[in-house]
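These notes concern the structure reproduced below.
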Amino acid sequence: MQYITLNNGITMPSIGLGTYELCGQKGVKIMQNALHIGYRLFDTAQMYKNEKELGIAIAQSLQHLQRNDLFITTKLSSSMPYKKAWQSIEGSLQNLGLEYVDLLVIHEPYANAKEMYQACEEAYRKGLIRAIGISNFYGRFLEDFLDSVRVKPVLNQVQAHIFFQQHTLQKFLESKHIHLQAWSPLACGRNGIFTNATLQGIAKAHHKSTAQIALKFLLDKGISVIPKASSLKRLQENLALFDFSLTQNERDSITRLDSNKSLFGWDC
């Protein structure tokens, strides 16, 4: 595993498991499998309604892992005033069965985002969270937001994949020492990503899958990834990214796949 050092000095795995739709006992089992094969970063959110399932998987894993081996992210997923945000943070900790989370993220640029972030800053000072992040923040809203905070967010989690590579946003964030993390780094399977001829050619040369090539490209750009997977094979495959290297020509050919357009629309 490779690690990213965030702007407050803590380290975060460069690959994690996105847990959207991993619910119920099936979700618990998938997360347990992920823990068993080496995942240490888990990304959930209040919106996903599976914090309790992740908490169960974590509790069972702590029989053979230490809490500080794990990096747990959750997100505040609705607009709310300061007091409600504080209660919501406490609710997430209860659901997860944890004394702290490693990263708490404002899920979208809500109308109350600044007030919510103040609650996050207070939780940060009290040691209930180790880092604060934002998600889907762009443009002037992002710039204005950054001017308003006392504790700089460590990352901005946004849609990023080979078809929407986020060059401009990443450059801006880097100038502010803020990390870019990719949700849906495999584009939710859209645009024929798994059958893309460019990726297939590169995958064949390295004896890898197209998904592994797409994820490796983002890692090489300094972007951490949280792909969702449910089968053991896919979970293992998404971790196996450190035993090969892309050539500059291969990276250039993938760069040319960028359309600089969202595949979803709602987040940009």
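The values are calculated or read from the model by the stated rules, or taken from the named source; none is laboratory data. Quick caveat: nothing in here was measured; it's all calculated off a predicted structure. Reconstructed Cβ throughout: ideal geometry from the backbone, glycine too, with neighbour counts over all protein chains shown. All accessible areas refer to the heavy atoms of the entire protein, side chains included, with ligands and DNA or RNA removed. Shrake-Rupley method; radii C 1.70, N 1.55, O 1.52, S 1.80 Å.
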Within segment 232-248, how many residues are hydrophobic (A, V, I, L, M, F, W, C), closer than 14 Å to Lys221 by Cα and free of Cβ contacts under 8 Å to residues at least 60 places away in the same chain? 1
Cross-chain or 6+ apart pairs with Cβ under 9 Å, segment 134-151 first and of a type in the set (Phe, Trp, Tyr), then modelled with pLDDT under 95 and surrounded by 16 or more Cβ atoms within 10 Å (Cβ to Cβ): Tyr138/Asp267
Select, from Tyr110, Tyr39, Tyr117, the only residue that is of a type in the set (Phe, Trp, Tyr) and either closer than 30 Å to Gln236 by Cβ or out of contact with any helix residue (DSSP H, G or I) (no Cβ under 8 Å at 6 or more places or on another chain) (or both). Tyr39
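Can you find, within segment 1-53, the residue that is farthest from Leu98 (Cα to Cα) among those that are β-branched (Val, Ile, Thr) and open to solvent by 60 Å² or more (accessible area, probe 1.4 Å)? Quick ask: steps written out before the conclusion?
At the first step, the residues of segment 1-53 found to be β-branched (Val, Ile, Thr) are 4-5, 10-11, 15, 19, 28, 30, 37, 44.
With open to solvent by 60 Å² or more (accessible area, probe 1.4 Å) added as a condition, the list becomes 5, 11.
On the way: Thr5: 23, Thr11: 19 Å.
Ranking the qualifying residues of segment 1-53, first place goes to Thr5.
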From (1) in contact with a Leu (Cβ under 8 Å, 6 or more places away or on another chain); (2) in contact (Cβ under 8 Å) with a residue 60 or more places away in the chain, pick out the condition that doesn't hold for His167. (1)
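Filter segment 66-90 down to the residues that are hydrophobic (A, V, I, L, M, F, W, C) and farther than 17 Å from Met1 by Cα and list them by number.
Passing the criteria: Leu76, Met80, Ala85, Trp86, Ile89.
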Every residue in segment 103-129 that is in a loop (DSSP other than H, G, I, E, B) and within 18 Å of the chain's Cα centre (by Cα), please. His107, Glu108, Pro109
Here is a check on your reading of the model: is Asn156 touching a helix residue (DSSP H, G or I) at 6+ places or on another chain (Cβ under 9 Å), polar (S, T, N, Q) and without any contact (Cβ under 8 Å) to a residue 60 or more places away in the chain? yes
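Quick test for you: out of Pro81, Pro13, pick the one residue that is closer than 20 Å to Leu219 by Cβ and of a type outside the set (S, T, N, Q).
Details: Pro81 fails: closer than 20 Å to Leu219 by Cβ.
Of Pro81, Pro13, the one residue that is closer than 20 Å to Leu219 by Cβ and of a type outside the set (S, T, N, Q) is Pro13.
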Verdict on His161 being touching a residue at least 40 places away in the same chain (Cβ under 8 Å) and out of contact with any Leu (no Cβ under 7 Å at 6 or more places or on another chain): no
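Given Ile58, Ile106, Ile89, which one is closer than 30 Å to Phe242 by Cα and aliphatic (A, V, I, L, M)? Break it down stepwise before answering.
Details: Ile106 fails: closer than 30 Å to Phe242 by Cα; Ile89 fails: closer than 30 Å to Phe242 by Cα.
On inspection, the qualifying residue turns out to be Ile58.
Can you name the residue in segment 159-196 that is in a loop (DSSP other than H, G, I, E, B) and on the phi > 0 side of the Ramachandran plot and is also least open to solvent (accessible area, probe 1.4 Å) among such residues?
Start the filter on segment 159-196 by keeping residues that are in a loop (DSSP other than H, G, I, E, B), which leaves 160, 162-163, 165-166, 176-178, 184-186, 196.
When the remaining residues are screened for being on the phi > 0 side of the Ramachandran plot, the result is 166, 177, 184.
Values: Gln166: 11, His177: 127, Ser184: 27 Å².
Looking at the filtered set, the residue picked out is Gln166.
Please verify whether segment 44-60 includes one or more residues that are acidic (Asp, Glu), at pLDDT 95 or above and touching a Gly at 6+ places or on another chain (Cβ under 9 Å). Walk me through it before giving the result.
Start the filter on segment 44-60 by keeping residues that are acidic (Asp, Glu), which leaves 51, 53.
Still in the running and at pLDDT 95 or above: 51, 53.
Those still in the list that are touching a Gly at 6+ places or on another chain (Cβ under 9 Å) too: 51, 53.
Yes, segment 44-60 contains at least one residue that is acidic (Asp, Glu), at pLDDT 95 or above and touching a Gly at 6+ places or on another chain (Cβ under 9 Å).
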Go through segment 126-158 and count every residue that is open to solvent by less than 10 Å² (accessible area, probe 1.4 Å) and touching a Leu at 6+ places or on another chain (Cβ under 9 Å). 14
